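What follows is a short report on a single structure.
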Amino acid sequence: VQLQASGGGLVQPGGSLRLSCVVSVSIFSNSDLGWYRQAPGKQRDLVASITSGGSTYADSVKGRFTISRDNAKNTVYLQMNSLKPEDTAVYYCRAQWFLRTYWGKGTQVTVSS
């Protein structure tokens, strides 16, 4: 099983980025998917998740970030708009497949002028 995240980078405050995570097709359709982030010296926190019941967001990103999934491409996305310096972190995708949890390698997002 593999989760391959991409799309991070350096962006100015107010800018946008779209993160992508390609998930192994063997688990994608039956997985709950999520994006987490971890800033230096802090714990890893949930940013957004998408399940059969819908999407949820951390309060800090509501109205700015959107999580979506493309079943044809076995990919989960995180569209990030109106980025702020406090969004700077390593972003990780996560797949919860029945009782198993899989993590992708992180992608760095830096918001700075």
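The values are calculated or read from the model by the stated rules, or taken from the named source; none is laboratory data. None of the values given here were measured: they were computed from a predicted structure. Quick reminder, even Gly has a Cβ in these numbers, built from the backbone with ideal geometry, and neighbours come from all protein chains shown. Heads up: the accessible areas ignore ligands, DNA and RNA and are worked out on the full protein's heavy atoms, side chains in. Shrake-Rupley method; radii C 1.70, N 1.55, O 1.52, S 1.80 Å.
Helix content alone sets the calculated 222 nm mean residue ellipticity of the chain: runs of n ≥ 4 DSSP H residues at -39500 (n - 2.57) each, divided across all residues, give -500 deg cm²/dmol. Considering all different alpha carbon pairs of the chain, the Kirkwood hydrodynamic radius works out to 13.9 Å. Shown is the FRET efficiency for Gln2 and Lys84, computed with R0 = 22 Å from the Cβ-Cβ distance and rounded to the nearest 0.05: 0.10. With protein chains left intact and a 1.4 Å probe, residues in the chain average 55 Å² of accessible area per residue.
Estimated at 0.36 nm per residue, the fully extended path between Ser29 and Thr51 surpasses their Cα-Cα distance by 6.9 nm. Modelled this way, with points 7 Å down the Cα-to-C-beta line, the labels at Tyr102 and Ser60 are 2.8 nm from one another.
Please report the antiparallel percentage of the DSSP beta bridges confined to the chain, to the nearest 5. The antiparallel proportion sits near 95 percent. What is the percent carbon and sulfur in the accessible area of the range 29-71, measuring with a 1.4 Å probe over the protein chains and ignoring ligands? Heavy-atom surface of the range 29-71 belonging to carbon and sulfur, 1.4 Å probe: 43 percent.
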